[in-house]
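Down below is the structure, laid out as structure tokens.
The values are calculated or read from the model by the stated rules, or taken from the named source; none is laboratory data. Not measured: the values here are computed from a predicted model. We place every Cβ from the backbone using ideal geometry, glycine too, and count neighbours over all the protein chains shown.
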Amino acid sequence: ICSLSVFFSIGVRDDTTSTSIMAGNTSEEAARQPCQLRAPLVVTIVGLPCRGKSLASHKVARHLSWRGESAKVFTVDKNAMAETLRDISVFFKEGNNIAIIDGMHLTRATRQTVATFCCDSVYHQLLIEFTCNEKCLEENIEDTVQFYRQHDPNIDWERRFREQNTEHTGQFEPCSALEGPLITVNNSEDPMYHSVTARGVRGAIQTAILGVLASPVIRQQTFYFSRHGESEYNVLGRIGGDADLSPRGMKYADRLARQLGGPGSAPDCPRPKLIWTSELRRTIHTVQSIPGPRAAIKDLNEINAGICEGLTYEEIQERFPQEFAWRDQDKFKYRYPHGESYLDLLQRVDSVVQALLTNTDVLVVSHQAVLRCIMAYFKGVKPGK
């Protein structure tokens, strides 16, 4: 469960010419964008019931889609494997590149069916096995029961899940090193004891999946996102820079503080446990009256506009008409000369997103482009949209 509160304020380039390098032309993007020159990847989820498999499957798919990959979770019952594999074949033929099969896959024979399918079709395969300790299992069962009771309160869901767990425990055959690349996730009710091991993991996508799984799952999280208050550059219509808050921006900072535990706030108002800002003055001064430990994080800085820093869009169009036209054609991949693109920014804020997933009650005060990228992750919006 992740609740988001959003507050809004008022209001590689090697030369010095004006020829733009689009981010889409870099080898860096080639490693991040879906490409059928790479073999598609089938991720097989393994584990007994109530081990956190489905939650992790969708977490991985969301992260990969946010990075620009084409990932989808396929839920399979024990009698529907052949149909699922046919659906995956169609999915890959349409140009997509990552299929996550969410199921138990308890026996080596079941997993061998998937392995044979991958071998015959020249797909890569990655196994992810989930385990957990007893206390974590009890919490998982409780959460799962509460979820299913909302749909049908007349069924004894707790009894059903416990019987399923007992029934399948005797069938379970743990994954072996001979079955291929493997990530083993041992969930715990205490994030300190969450552990992940890996064997044979290779390539950018599998490594990214490993990074996602390394973060323990926190059951309930609340985040607060706010753009900085109006700055002096906002008033002038200039981009970038390190301008301070305008008078209206200071009023916004005061109003934000009253919402989040600052002077004049209500006793029952939310109070962030952590406050993260960029290194720029307009974000730091926006939170100056909000109590709590804070950190100025470089990765939260606004998109670097390069040679266009401090200019208005009218000045950019006048001085660099070709740059202005290229940006208008593809705002996501366009990279400012000596600056960044949204694609670059997405990679930069990846570390911030991963850090958020291991915390809760965090206030993030940053900039428009940065918050667009972060909110896209939590809202499931694909790059470019």
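Kindly check whether there is at least one residue in segment 99-115 that is under 21 Å from Ala214 (Cα atoms), within 23 Å of the chain's Cα centre (by Cα) and assigned to a loop (DSSP other than H, G, I, E, B).
Among the residues of segment 99-115, at least one is under 21 Å from Ala214 (Cα atoms), within 23 Å of the chain's Cα centre (by Cα) and assigned to a loop (DSSP other than H, G, I, E, B), which makes the answer yes.
Pull up segment 203-253, narrow it to residues that are over 19 Å from Trp66 (Cβ atoms) and of a type in the set (Phe, Trp, Tyr), then point me to the one that is nearest to the chain's Cα centre (by Cα).
Narrowing segment 203-253 to residues over 19 Å from Trp66 (Cβ atoms): 216, 219-220, 222, 224, 226-253.
If we keep only those that are of a type in the set (Phe, Trp, Tyr) too, we end up with 224, 233, 252.
Working: Tyr224: 16, Tyr233: 31, Tyr252: 29 Å.
Per the stated criteria, the residue is Tyr224.
Across segment 127-180, which residue is surrounded by the fewest Cβ atoms within 10 Å (Cβ to Cβ) among those that are touching a strand residue (DSSP E or B) at 6+ places or on another chain (Cβ under 7 Å) and of a type in the set (D, E, K, R)?
So, considering only residues that are touching a strand residue (DSSP E or B) at 6+ places or on another chain (Cβ under 7 Å) and of a type in the set (D, E, K, R), the one surrounded by the fewest Cβ atoms within 10 Å (Cβ to Cβ) is Glu179.
Looking only at residues that are in contact with a helix residue (DSSP H, G or I) (Cβ under 6 Å, 6 or more places away or on another chain) and over 15 Å from Val364 (Cα atoms) in segment 246-268, which one is surrounded by the most Cβ atoms within 10 Å (Cβ to Cβ)?
Among them, the one singled out is Ser246.
Restricting to segment 231-262, name every residue that is closer than 29 Å to Gln317 by Cα, outside any strand (DSSP E or B) and in contact with a Leu (Cβ under 7 Å, 6 or more places away or on another chain).
Ile239, Asp242
Can you name every residue in segment 184-202 that is closer than 18 Å to Cys118 by Cα and under 23 Å from the mean Cα position of the chain (by Cα)?
Result: Val201, Arg202.
So which residues in segment 336-356 are among the small types (Gly, Ala, Ser) and crowded, with 23+ Cβ neighbours inside 10 Å?
Listed by number, the list holds a single entry, Ser341.
Does segment 79-95 contain at least one residue that is surrounded by fewer than 17 Cβ atoms within 10 Å (Cβ to Cβ) and in contact with a strand residue (DSSP E or B) (Cβ under 9 Å, 6 or more places away or on another chain)?
Looking for residues that are surrounded by fewer than 17 Cβ atoms within 10 Å (Cβ to Cβ) and in contact with a strand residue (DSSP E or B) (Cβ under 9 Å, 6 or more places away or on another chain), one finds at least one in segment 79-95, hence yes.
Considering every residue within segment 194-204, establish whether at least one is part of a helix (DSSP H, G or I), more than 26 Å from Ile307 (Cβ to Cβ) and modelled with pLDDT of 95 or more.
For segment 194-204, residues part of a helix (DSSP H, G or I), more than 26 Å from Ile307 (Cβ to Cβ) and modelled with pLDDT of 95 or more: absent.
Hey, can you tell me all the residues within segment 71-98 that are assigned to a loop (DSSP other than H, G, I, E, B) and either basic (Lys, Arg) or more than 20 Å from Cys50 (Cβ to Cβ) (or both)?
Within segment 71-98, Lys78, Asn79, Ala80, Glu94, Gly95, Asn96, Asn97 meet the criteria.
Assess whether Lys333 counts as being among the basic types (Lys, Arg), in a loop (DSSP other than H, G, I, E, B), surrounded by fewer than 21 Cβ atoms within 10 Å (Cβ to Cβ) and not assigned by TED's automatic domain parsing to the domain that holds Pro191.
Numbers: among the basic types (Lys, Arg): yes; in a loop (DSSP other than H, G, I, E, B): yes; surrounded by fewer than 21 Cβ atoms within 10 Å (Cβ to Cβ): no; not assigned by TED's automatic domain parsing to the domain that holds Pro191: yes.
Spelling it out, it is not the case that Lys333 is among the basic types (Lys, Arg), in a loop (DSSP other than H, G, I, E, B), surrounded by fewer than 21 Cβ atoms within 10 Å (Cβ to Cβ) and not assigned by TED's automatic domain parsing to the domain that holds Pro191.
Among Ala39, Ala56, which is the only one that is closer than 24 Å to Val349 by Cβ, of a type in the set (Gly, Ala, Ser) and either modelled with pLDDT under 50 or not assigned by TED's automatic domain parsing to the domain that holds Phe332 (or both)?
Going through Ala39, Ala56 in turn, the sole match is Ala56.
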